[in-house]
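The values are calculated or read from the model by the stated rules, or taken from the named source; none is laboratory data. All figures in this text were calculated on a predicted structure; none of them were measured in a lab. Methodologically, a virtual Cβ is constructed for each residue, glycine included, from the backbone with ideal geometry; neighbour enumeration extends over all protein chains shown. These area figures cover heavy atoms from the full protein model, side chains too; ligands, DNA and RNA do not enter into them. Shrake-Rupley method; radii C 1.70, N 1.55, O 1.52, S 1.80 Å.
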Amino acid sequence: MANLIAILAAALCLVMGVVVISARNPMHGVIALVANFLGLGVLFLLLHGEFVALIEVIVYAGAVMVLFLFVVTLLMAGTEPPKEGAGKNLPGQLLWAIVVIGALTALIGFVLAVRTVLTQPPPSTQAFGSITDFGRSLLTTYMLPFELTALVLLAAVIGVVFLARERS
Amino acid sequence: MTLPTVDFLLVSAVLFAIGALGVVIRKNPLVMFMAIELMWNAVNLTLVAFARQFLAIAGHIFVFVVVVVAAAEVAIGLIVIVLVFRNRSEADVDSLNTMKG
């Protein structure tokens, strides 16, 4: 049962990932990306990452993608979706695509090569990954990184307000 | 029945490949940005998979940090895109060659 759910969620993730990079209209890409994040949330749950699955759905599929939607609607207001003609491609673009595909195929091949090492079943995961577990760890052992994330967000907020201010 | 870690790593690798390919072949900055989000999340999947393999909650903490940094990056990146394209109608990163050496 868990296998079936995992396969469906992984298939959803991959198909929606392809839709994100192939959709002509960025709006369709945003919707596909939300579906992709929902699938990833399911995968995280199956991996005992309860809190991680929650923030994936709430922060990513919710907040971040709403931000994307705002910008897509803002930039596309009154314009046709951009046409990306095949004739406009840079000569180096195809080369780069081949290089990237080659490197990443090698990466996937490496994962397959070390498959035997990693197919040993993980140790008992009964008590692992609960929100209680995560919260206790976040607020004791990893207190400093947690507080530093607040600093990162503060810097981002100040930066955005500075960039978006009215210029006289 | 627990699923082997390697299957999650495979999904993650393919997802990262899709994201990297998207950054390379697309010219619309918004779509490139979404492809970068795909890569962030492929890495997150790897972290969570290894956290279960080694029973290390630190992997989940790291994912939390990644999500926060990604949210900050999205906010900054999108405002930059909006500012750049406020005065331009075309959405093509190849036309942004002012700083080309």
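Data table
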| quantity | calculated |
| --- | --- |
| Looking only at segment A:126-149, and only at residues there that are more than 10 Å from chain B (Cβ to nearest Cβ) and farther than 15 Å from A:Leu54 by Cα, the one that is nearest to the chain's Cα centre (by Cα) | A:Glu147 |
| Test result for A:Val59, assigned to a helix (DSSP H, G or I), β-branched (Val, Ile, Thr), at the interface with chain B (Cβ under 7 Å from one of its Cβ atoms) and open to solvent by less than 10 Å² (accessible area, probe 1.4 Å) | no |
| Residues of segment A:31-52 satisfying the condition of being among the aliphatic types (A, V, I, L, M) and either at positive phi or surrounded by 23 or more Cβ atoms within 10 Å (Cβ to Cβ) (or both) | A:Leu33, A:Leu40, A:Leu43, A:Leu47, A:Val52 |
| Segment A:2-15 residues that are within 7 Å of chain B (Cβ to nearest Cβ), paired with ones that are surrounded by 13 or more Cβ atoms within 10 Å (Cβ to Cβ) and not in a helix (DSSP H, G or I) (beta carbon under 9 Å, 6 or more apart) | A:Ala2/B:Thr2; A:Ala2/B:Leu3; A:Asn3/B:Leu3; A:Ala6/B:Leu3 |
| Residues (in contact (Cβ under 8 Å) with a residue 24 or more places away in the chain, under 18 Å from A:Ile98 (Cα atoms) and at the interface with chain A (Cβ under 7 Å from one of its Cβ atoms)) located in segment B:19-42 | B:Lys27 |
| Residues of segment B:79-89 classified as at the interface with chain A (Cβ under 7 Å from one of its Cβ atoms) and charged (D, E, K, R), total | 0 |
| Single match in B:Ala71, B:Ala51 (criterion: surrounded by 23 or more Cβ atoms within 10 Å (Cβ to Cβ), in contact with a helix residue (DSSP H, G or I) (Cβ under 9 Å, 6 or more places away or on another chain) and at pLDDT 90 or above) | B:Ala51 |
| Single condition B:Ala42 does not satisfy, out of (1) closer than 18 Å to A:Ala32 by Cβ; (2) surrounded by fewer than 22 Cβ atoms within 10 Å (Cβ to Cβ) | (2) |
| Residues that are open to solvent by less than 30 Å² (accessible area, probe 1.4 Å), of a type outside the set (Gly, Ala, Ser) and in a helix (DSSP H, G or I), drawn from segment B:1-21 | B:Thr5, B:Val6, B:Phe8, B:Leu9, B:Val11, B:Leu15, B:Ile18 |
| Selected residue (criterion: farthest from A:Val71 (Cα to Cα)) from residues of segment B:1-13 that are within 7 Å of chain A (Cβ to nearest Cβ) and in contact (Cβ under 8 Å) with a residue 12 or more places away in the chain | B:Thr5 |
| All positions within segment A:129-168 that are under 23 Å from B:Ala56 (Cβ atoms), open to solvent by 50 Å² or more (accessible area, probe 1.4 Å) and outside any helix (DSSP H, G or I) | A:Thr140, A:Thr141, A:Tyr142 |
| Matching residues, segment B:31-86, being polar (S, T, N, Q) and either within 21 Å of A:Val20 (Cα to Cα) or not in a helix (DSSP H, G or I) (or both) | B:Asn41, B:Asn44, B:Thr46 |
| All positions within segment B:62-78 that are at the interface with chain A (Cβ under 7 Å from one of its Cβ atoms) and within 13 Å of A:Tyr142 (Cβ to Cβ) | B:Val63, B:Phe64, B:Val65, B:Val68 |
| Residue within segment B:23-30 that is at pLDDT 90 or above and open to solvent by less than 10 Å² (accessible area, probe 1.4 Å) present | no |
| Matching residues in segment A:6-27 - criterion: being outside any helix (DSSP H, G or I) and β-branched (Val, Ile, Thr) | none |
